[in-house]
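Q: Attaching a single structure in structure tokens format; questions to follow.
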Amino acid sequence: MARASAEQALEGFSLANDRTGAAAAHQVLAITHIMAGRIEFALAHIDAAIPLRETTGDWEGVASLWQERFELCLRIGDLTGAREAGQQHVAAAEKIDDREALAHAVHQLAQVVLQQGAYDEAEALVQKGLWALDNPGTERGRSALQVLYSSVWMARGDLDRALTHSKQALDLARQAKSRQSEIDALQHIGTVHALRREYPTARRVLEEVLVGRELLKDVDGRANVLRELAGVELSMGLAGEAFGRLDYAVRSLRDAQNTIGEITMLQLLLTLADEHGRPDLARKAAEDLVGAAASTGDKEAEAAAHFALATRLAGLGELAGARQHFGAAHAIQQALGLAHESAVSAGMMGQVMLAAGEQDEGLAMLRGSLAQLEALGSEAAESVREILAELEA
């Protein structure tokens with residue numbers, strides 16, 4: 001209904017040569033497409049609205065449209081498109097007498113160009129932002145820019161300068177009496193100390209940050225600092241404390257219904273548990289990963305989680321469970337047409353069946369796996385071939 005009305009309005013405004021109205025109609029249409037998840041259609045309407053706003057001299061409207069395009073490009077993972085939109089947003093913001101708007105535009109653009117490795121451009125943008133906020137009352141904005149400046153020096157490997165800018169960010173945050181900014185700056189200081197291998201100092205600072213995130217009820221931020229603390233504690237040889245932090249991070253993200261964050265944290269926990277010889281923790285993480293992956297509806301991710309759990313169960317000698325989960329992975333992969341993955345799962349299931357005494361069935365699974373891997377020209381065929389040769393000898 002809203003889209004139909006906006007389309008009628010666009011047609012009317014276009015016929016009347018009302019560019020302001022037509023631009024507004026394009027924006028409404030973009031919003032309806034965003035709500036329906038049709039990002040490409042939304043981008044097309046934003047692109048149509050921008051030149052209309054430009055011809056009317058509405059630079060605030062132009063800046064708003066480029067901001068919207070920037071956010072949508074980030075949403076679909078198009079960093080190049082986001083960078084181009086961000087540059088245009090900065091250019092439009094420079095035509096408006098609003099220094100804070102300009103600082104915001106350069107701050108978000110600097111984050112993207114830094115992520116792309118353009119350190120000099122990122123530094124120039126940060127300096128432009130600091131110049132725009134050279135008046136009193138802008139300490140919070142300058143604090144955020146100094147945190148970003150610290151990130152530039154971290155990326156360059158100059159940790160002394162990174163620490164200096166982090167401390168400047170903290171001073172500005174305290175002047176602004178912004179607890180959020182203070183915690184952000186403190187976390188950056190903790191990160192720099194960790195990179196400098198000053199682990200006790202890093203741990204002390206990050207524990208203060210954790211308390212701050214708890215008080216701010218910042219669940220995602222809490223999970224992030226818990227991950228950092230775990231890394232520091234592992235470096236200090238405090239594996240028990242580190243795994244406790246990661247478990248808390250997983251539970252925090254689960255409670256917040258941040259499933260993607262939970263899966264990412266579980267994968268990290270799984271990897272670290274393997275590396276540090278904690279099969280009990282690896283198994284628990286793998287079990288949780290199956291449930292989390294299934295809840296996303298991503299069948300390929302669910303199959304990968306079943307495979308990871310089956311691998312751990314096989315290593316623990318729990319053959320029935322291993323067979324069940326290799327079988328689940330194999331069935332999903334076959335249904336999705338993932339020939340290589342399903343062949344690997346079949347080969348693993350065949351080995352488990354052989355270990356459980358199911359000689360004929362296990363050999364049949366391995367032979368089927370080998371035939372499929374050979375047909376695909378997979379390097380994995382060689383290991384299956386060697387296992388079969390041993391058994392048949």
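Q: Could you tell me which label, among [x] 0.97; [y] 1.05; [z] 1.27, carries the value of Cα Rg over 2.2 N^0.38 Å calculated for this structure?
A: Checked against the structure: label [z].
Q: Per 0.36 nm of contour for each residue apart, how much would the distance between A375 and E100 grow if the chain were fully extended, relative to their Cα-Cα spacing?
A: 92.9 nm
Q: For the chain, report the accessible area per residue in Å² (1.4 Å probe, heavy atoms, rounded to an integer).
A: About 49 Å² of surface per residue is accessible.
Q: Computed on alpha carbon atoms, what radius of gyration and Dmax characterise the range 250-289, expressed in Å?
A: 10.0, 30
Q: Counting other Cβ atoms within 10 Å, keep those with at most 14, restrict to DSSP loop, and tell me which trypsin sites (Lys or Arg not before Pro) in the range 44-107 are left. The partial results should precede the final answer.
A: Working: sites: R53, R69, R75, R83, K95, R99; in loops: K95.
Within the range 44-107, the qualifying trypsin sites (Lys or Arg not before Pro) (loop, at most 14 other Cβ atoms within 10 Å) are K95.
Q: Probe radius 1.4 Å, ligands and nucleic acids left out: which of E392, E358 has the largest accessible area, and how do the rest follow? Show your work: numbers first, answer last.
A: Values: E392 105, E358 50 Å².
Correct descending sequence by accessible area is E392, E358.
Q: For the range 155-229, compute Rg over Rh where Rg is the Cα radius of gyration and Rh is the Kirkwood radius from the inverse mean 1/r over Cα pairs.
A: Checking Rg against Rh, the ratio lands at 0.96.
Q: Before rounding to the nearest 500, sum -39500 (n - 2.57) across all DSSP H runs of length at least 4 in the chain and divide by the residue total; then give [θ] at 222 nm in deg cm²/dmol.
A: -28000 deg cm²/dmol
Q: Just grab the label-to-label distance for A331 and E214, each label 7 Å out from Cα along the Cβ direction, in nm (one decimal).
A: 4.4 nm
Q: In nm, what is the difference between 0.36 nm times the number of residues separating A155 and K177 and their Cα-Cα distance? Spell out each step's value before the answer.
A: Working: separation 22, 0.36 × 22 = 7.92 nm, distance 2.87 nm.
Length gained, A155 through K177: 5.1 nm.
Q: Given the C-alpha atoms of the range 78-123, compute the convex hull and give its volume per residue in Å³.
A: Cα convex hull per residue, to the nearest whole number: 58 Å³.
Q: While we're looking at this one, here's another question. Ignoring ligands, DNA and RNA, please state the percent of accessible area on the chain from carbon and sulfur, probe 1.4 Å.
A: On the way: 9870 of 19180 Å².
The value for the chain is 51 percent carbon and sulfur by accessible area.
Q: With all protein chains present, calculate the accessible area of H193 using a 1.4 Å probe and round the result to the nearest 10 Å².
A: Number for this one is 20 Å².
Q: Ok, one more. Run the reach check for K95 against aspartates and glutamates, Cα to Cα strictly under 13 Å, same-chain hits fewer than 8 apart removed. What comes back?
A: Here the aspartates and glutamates satisfying the reach criterion relative to K95 are E54, D58, E60.
Q: Still on this structure: Label-point separation (nm) for E361 and A320, each offset 7 Å from Cα along Cα-to-Cβ?
A: Between E361 and A320, the simple spin-label model gives 1.3 nm.
Q: Could you size up the charge dipole of the chain around its Cα centre, putting +1 on the beta carbon of Lys and Arg and -1 on that of Asp and Glu, and report it in debye to the nearest 20?
A: Charge dipole, the chain, about its Cα centre: 1020 debye, nearest 20.
Q: Along the Cα-to-Cβ line of Q257, 7 Å from the Cα, sits a label point; which residues in the range 264-303 have backbone N less than 14 Å from it?
A: 296
Q: Also: Tell me the trypsin sites (Lys or Arg not before Pro) within the range 148-221 that lie in a loop according to DSSP and have at most 13 other beta-carbon atoms within 10 Å.
A: Values: sites: R156, R161, K167, R174, K177, R179, R196, R197, R203, R204, R213, K217; in loops: K177, R196, R197, K217.
Hits after loop and neighbour filter: K177, R197, K217.
Q: Another one. May I ask you to rank K128, K284 by accessible area, largest first, using a 1.4 Å probe over the protein chains only?
A: Of K128, K284, the descending order of accessible area is K284, K128.
The values are calculated or read from the model by the stated rules, or taken from the named source; none is laboratory data. This one's a predicted model, so the numbers in the text were calculated from it and none came from an experiment. So basically every Cβ, Gly included, is an ideal-geometry build from the backbone, and we count neighbours across all protein chains shown. These accessible areas exclude ligands, DNA and RNA; they are computed on the full protein's heavy atoms, side chains included. Shrake-Rupley method; radii C 1.70, N 1.55, O 1.52, S 1.80 Å.
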